[in-house]
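Each remark here refers to the structure printed beneath this line.
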Amino acid sequence: MTSERIGPPVTGNERETLRAFLDFHRATLALKCEGLSDEELRRQSMPPSTLSLLGLVRHMAEVERAWFRRVIDGEDIGLVWSETGDFQHAYDASSATRAEAFDAWEREVEHARRIERAAASLDVTGLNVRSGETVSLRLVMLHLIHEYARHNGHADFLREGIDGTVGV
């Protein structure tokens, strides 16, 4: 995943804009992790929280997988790190490495991009089995933007706590 961030277009259609904002937030998470060791990426925010940069990367791999592959594409697959379907398990990065976390995340992002690009429109729907609701690709993309934005705020604080780096 490149950590080069390209700002979203100031004009463009809805789909181009959603795609660009989502990629911007993906690149922001990668940027927040850039140049850190596995140990630094595993550093937890404050006890008892298990929140870490590597945990956020693992969590976002699960989120990408769940919303794009399971909901929109209808794939019958489990989560990456939990056989029981517990999304919280991804946050425990105590024995994780940059390589395994980023490999999984980048793989899920590529699946998500393929699914989004193949969809005829933002009105394509899928079933969210957890809620029982039918949701549109539009909602999924907006949800992912929201999820990344929220967690990138966490990543800001985590990174500052590790080496004092602020801003992006």
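The values are calculated or read from the model by the stated rules, or taken from the named source; none is laboratory data. As the structure is a computational prediction, the values presented were derived from the model and not from experiment. Here the Cβ positions follow ideal geometry from the backbone for every residue, glycine too, while neighbour counts run over all protein chains shown. What goes into the accessible areas is simple: the full protein's heavy atoms, side chains included, and nothing from ligands, DNA or RNA. Shrake-Rupley method; radii C 1.70, N 1.55, O 1.52, S 1.80 Å.
Please sort 128-141, 93-106 by packing, taking for each peptide the average over its residues of neighbouring beta carbons within 10 angstrom, highest first. Display every interim value, and only then the final one.
Values: 128-141: 15.9, 93-106: 17.4.
Taking the mean over residues of other Cβ atoms within 10 Å, the ranking is 93-106, 128-141.
On C-alpha positions alone, give me the angle between the axis of helix 98-118 and the longest principal axis of the chain, in degrees, nearest 10.
20
Based on the Cβ-Cβ distance of Thr17 and Val129, what FRET efficiency does E = 1/(1 + (r/R0)^6) give at R0 = 25 Å, to the nearest 0.05?
0.30
How large is the accessible surface per residue of segment 1-87, computed with a 1.4 Å probe and reported in Å² as a whole number?
49
Report the extension gain between Glu110 and Val166 in nm, rounded to one decimal, defined as 0.36 nm multiplied by the number of residues separating them, less their alpha carbon distance.
17.3 nm
With n ≥ 4 as the cut-off for DSSP H runs, can you work out [θ] at 222 nm for the chain, using -39500 (n - 2.57) per run divided by the number of residues, rounded to the nearest 500?
The helix contribution divided over the chain gives -17000 deg cm²/dmol.
For the chain, report the convex hull volume of the alpha-carbon atoms normalised per residue, in Å³, without decimals.
Measuring per residue, one finds 110 Å³ for the Cα hull of the chain.
Give the distance, in whole Å, between the Cα centre of segment 15-89 and the Cα centre of segment 101-168.
8
What translational D, rounded to a whole number of µm²/s, comes out for segment 89-133 from Stokes-Einstein when the hydrodynamic radius is the Kirkwood one over Cα pairs, at 25 °C and 0.890 mPa s?
Approximately 187 µm²/s, per Stokes-Einstein.
Working from Cα positions, state the angle (0 to 90°, nearest 10) between the long axis of helix 137-163 and the longest principal axis of the chain.
Relative to the chain, helix 137-163 is tipped by roughly 10 degrees.
Just to make sure I understand: if all protein chains stay in place, what is the order of His111, His89 by accessible area at 1.4 Å, largest first?
Ranked list, largest accessible area first: His89, His111.
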